[in-house]
Amino acid sequence: MVAFRRLPTRAPYPRILTAVPHIPIERHTLPNGLRVILSPDRRTPIVGVNLWYDVGSKHERPGKTGFAHLFEHMMFQGTANVAKGEHFSLVQAAGGTLNASTWMDRTNYFETVPSHQLELALWLEADRLANLLPAMTQEKLDNQREVVKNERRQSVDNQPYGTWDEKIQELLYPVAHPYHHSTIGSMDDLTAASLDDVGEFFATYYAPDNAVLSVVGDFEPAGALAMIERHFGPIPANPKRPPVPDTAIEPLIGAEIREVVSDRVPLPRVYAAYRIPVFGTDAFDALEVAVDLLGSGRASRLYGRLVRERQLAQDVTVMAFPIVGGAAIFSLWATARPGIDHESLTEAVLGEVDLLTDEGPSDVELERVQNLHAAGIESGQERISERADRLSMYACLFDQPERANSEVARYEAVDATRVRSVMAASLRADNRVLLTYLPVEGDQPGTEEAA
Amino acid sequence: MSELNNSNRPAPSAPRPYRFPDFTRHSLDNGLTVWLVPVAGSSLTSVHLLIDAGAAAEDESHGGVASLTARLLVTGTRRLDAAAFAAATERLGIEVNSESSWDSSRAGFQSLPQHLDAGMALLAEMVQLPRFDPDEFSRLKAERLAAILQMRADAGSLADESFIKHLYDAGTPYRRLAGGTPEMVETLVVDDVRAHHATHHRPGRAHLVIAGAFDGEKALRFAEQHLGGWSGSGPGHRTITPAAAGGRRVVIVDRPGSVQSELRIGLVGINRYDPRYFSAAIMSTYLGGSFGSRINRRLREELGYTYGARCGFDPRRAAGPFSAAAAVQTEVSAPAIAELLVLLETAGAAPPASDELRQAQDYQIGVFPLRFETTGGIAAAIEPIATYDLADDYWQTYRDRLEAVDAAGAQQAAAELIRPTELLVVAVGDASIIRADIEALGVGPVEVVPAP
């Protein structure tokens, strides 16, 4: 079942003999357009069910920000066959875990259950795709609207630095661009969401031909496929979905944008963000390597130089957002150590980015991040929920679930020249947002989004 | 709710059995216990070294030294400085972690099997011949002090810290974070770390857990070779006798401008050896440990006061806290406290409904294999057996003990463990808005303190 791939040893540094398991992939498409990925693994008697719907906050129209996520909450509010709250309690009483999440490009729903409860998980997912609206009420919407507003308060408005990603999106993408607004949305738009919006959104985007279903773990494929056909098969496709929103954008911002935010934070923090080529491209792969060179581990450049050697930063974080439309985001931040001013920190952070762009990574540095990456992929794939989510992701975004098996190879194909060239092309001053959080003087409220 | 059509719900098929992996343990001459947990089909290996050198082992006058010692360990050995140690481990795809809780210090890593030997050699070097460089000490101490500032800016973390601070009396170390207060950390010097290490980081009561893919004989030989020369036995943890600071009352930690209040309501809970451990676990599951639990259902799904509400115990060698927690919209702070109090106070008044007891048991029994999906999870599962001296068949019989909890036992646990007259309410929020409403609840004396 598990195939091992060995990579050649390359002097002079010891090379990891990468043994990332090959994930078996069996693909099917139901007549109604539902794409199905089956990946059996009989080692532990548990199974993961994971659905990606090709709808996210980029599909929201003006005045409706936050709706895709609010709708995700409504998917747990019961159907013609399942009472409010019962979706959760049925899965948990079955010995399972479950959740869902919404992001710019997609919405996912997932359960991990003991394998003898596979059909329950499949039925629950099919049932809410078929029978959500008859049980929808204003009371449920009002309740979940308050829950989501409290989610926003907890994760954004009452959180130190909590507005950072919302502000980065606003500054990096022009007004009216589908990525200009955050997935959590604005309080005003959440207030305005109506029951009609729920019905329309459901009818438009929640159809089997707009989804991928992955099943990973302890099951027998023919039996699982029969269950899927039984429960999802009768659900009609939606042939009239509107075109995908236009995410086309200039690859570079054209000029540096700086913004300073006063917040109730004890230490200044500096964020830098850039438009970069989208997830799925060779350039994005190379920028993921740059992320790790700069920020992963204690031997990374930013940790080594800014946190350990120069002691300018309390912590550093670097990430690339896997976004598929127009332009993705490369972002990094550093929190100042007490007594360090934000200008020195900014200069030092940007200096390290420029230095890596100029000189490129050494062989030792590349070796380090490749080995960390391979071990990290292996570690992530220990969880069937993680495997299922990646299969759904690659199937939903690229119609290529087998990309889940080439992550290590794609990463290791990146050489120093490619790192330098993508960094030079994207991580430049005229393509940069610099967002600085500074402590407010005295005991004042932080800046909060209009609520 | 209109009537439901339940007729088409699929029934479960026959469950496939799950068994926690068999393990063996071996004692080295120096007292170190080596636990070998081979996991069929695994392609990773997890190594955890557990030492009875956590915060419970440190002298209160050196609070935070256990945590700082653990953190300083990864900054190198006599042979390798901090940068060289990071490079040597990360080149193997290994990130060594080292941390300390109340009950133990833990160092470890996860690696592909072919790097197990090299990783263990570096881990062994790290714990026996640490560098404890004064500059690295100063850096990590400053980082720790700044991290506490950052934590206190976060309302949820501040609520957790404020709750234990007001819950326990002045003689109970549990009233502060295991990592120490800023005042404690401020006084520490590098020699304190060296002394803590020399005294407590000894093999006598230590445990080395190896889980996943490895050759057992070879791993054992390797442990002998690299850790066999380590010697001595530390004094281990002190006895902590927790006591509450006071009875039922309210503390508002004033955080002006907050759009939510972070609530914590609870009392001194149970220790890890309590005979009511399993009935308390099941009881807290239906009370506030699952989505459909009473607390989350009421505060989130019926009232919309919060994104999520929960409760739970934190058993340690001595009695850790029990608390219910929620972040609620500022305007509903008082009614949210009232709702939580009703749910807590009535928990022991009647036995649980048969379906909520059944669901709590099914949930805890069913998610059991999910906890052991990863080699890291399996290695971590040995830790309570090693730390609390539980029976070797602990996990093999774990589900039977959950199953054995009955309604009377769950009710009794609630009645005995959630005592209304001892409930402490902590609210981190804007006192100018929430104070009057909370006082009007008549819960008990209300004290307002500034945020630190």
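Remarks
- Remark: the range B:286-325 carries a charge dipole of roughly 120 debye about the Cα centre, counting +1 on each Lys and Arg Cβ and -1 on each Asp and Glu Cβ.
- Rounded, prolate or oblate (a/c below 1.5 giving rounded, otherwise prolate when a/b exceeds b/c) for the protein assembly as shown by Cα gyration tensor: rounded
- Principal-axis tilt of helix B:354-366 within chain B, Cα atoms, nearest 10 degrees: 20 degrees
- In terms of its Cα atoms, chain A spans 61, 58, 38 Å along the principal axes, sorted from long to short.
- 3J(HN,Hα) couplings calculated from phi for the range A:240-255 with the Karplus curve 6.51 cos²θ - 1.76 cosθ + 1.60 (θ = phi - 60°) are, in sequence order, 10, 6, x, x, 4, x, 6, 9, 4, 7, 4, x, 10, 5, x, 7 Hz; Gly and Pro show x.
- Sparse-neighbour loop sites [GluC sites (Glu not before Pro); the range B:1-109; at most 10 other C-beta within 10 Å; DSSP]: B:GLU3
- The dipole here belongs to the protein assembly as shown: it is taken about the Cα centre, uses +1 on the Cβ of Lys and Arg and -1 on the Cβ of Asp and Glu, and is about 1320 debye.
- For the range A:126-133, Karplus couplings with θ = phi - 60° (6.51, -1.76, 1.60), whole Hz, Gly/Pro x: 5, 4, 6, 6, 8, 10, 6, 5
- Using only side-chain charges placed at the Cβ, +1 for Lys and Arg and -1 for Asp and Glu, the dipole size of chain A relative to its Cα centre rounds to 900 debye.
- 0 to 90° range, to nearest 10: angle between helix A:282-295 axis and chain A longest Cα axis: 60 degrees
- Amide H contacts of A:THR65 (H built 1.01 Å from N, under 5 Å, at least 5 apart or other chain): A:SER186
- Charge-dipole axis of chain B as Lys and Arg at +1 and Asp and Glu at -1 on Cβ define it, positive-most pick from B:VAL47, B:ILE418, B:PHE23: B:PHE23
- Most positive-pole-ward Cα, B:PRO315, B:SER333, B:THR346, against dipole of the range B:294-396 from beta carbon charges: B:SER333
- Chain B: angle of helix B:277-288 to the longest principal axis, Cα-based, in degrees nearest 10: 50 degrees
- For chain B, calculated [θ]222 nm from helices alone, where every DSSP H run of n ≥ 4 adds -39500 (n - 2.57): -11500 deg cm²/dmol
- Amide H to amide H distances under 5 Å link B:GLY234 with B:ARG202, B:GLY204, B:ARG205, where only residues 5 or more positions off or on other chains count and H is placed in the peptide plane.
- 10 Å Cβ shell holding at most 15 others, DSSP loop, trypsin sites (Lys or Arg not before Pro): longest site-free stretch of chain B: B:239-452
- Pairs of Lys in chain A closer than 17 Å at Cα, counting only those 8 or more apart or on different chains: 4
- Counting beta carbons within 10 Å around each of A:ASP358, B:ASP215, A:ASP127, B:ASP81 and listing the fewest first gives the order A:ASP358, B:ASP215, B:ASP81, A:ASP127.
- Under-5 Å amide H pairs with A:ASN238, H placed in peptide plane, nonlocal only: A:ASP209
- Cα shape, the range B:138-204, gyration tensor, a/c 1.5 rule: oblate
- Computed from the C-beta positions of B:GLU439 and B:ALA83 and an R0 of 56 Å, the FRET efficiency is 0.50 to the nearest 0.05.
- Neighbour counting of Cβ atoms within 10 Å sorts the residues A:SER214, B:SER162, fewest neighbours leading, into B:SER162, A:SER214.
- 3J(HN,Hα) along the range B:150-161: 5, 4, 6, 6, 8, 4, x, 5, 5, 5, 4, 5 Hz, from the Karplus curve 6.51 cos²θ - 1.76 cosθ + 1.60 with θ = phi - 60°, whole Hz, x for Gly and Pro.
Read-outs throughout are calculated quantities, based only on the coordinates presented, and are distinct from any laboratory measurement. Worth saying up front: this structure is predicted, and the values here are computed from it rather than measured. In this analysis, Cβ positions are derived from the backbone assuming ideal geometry, glycine residues included, and neighbour counts consider all displayed protein chains.
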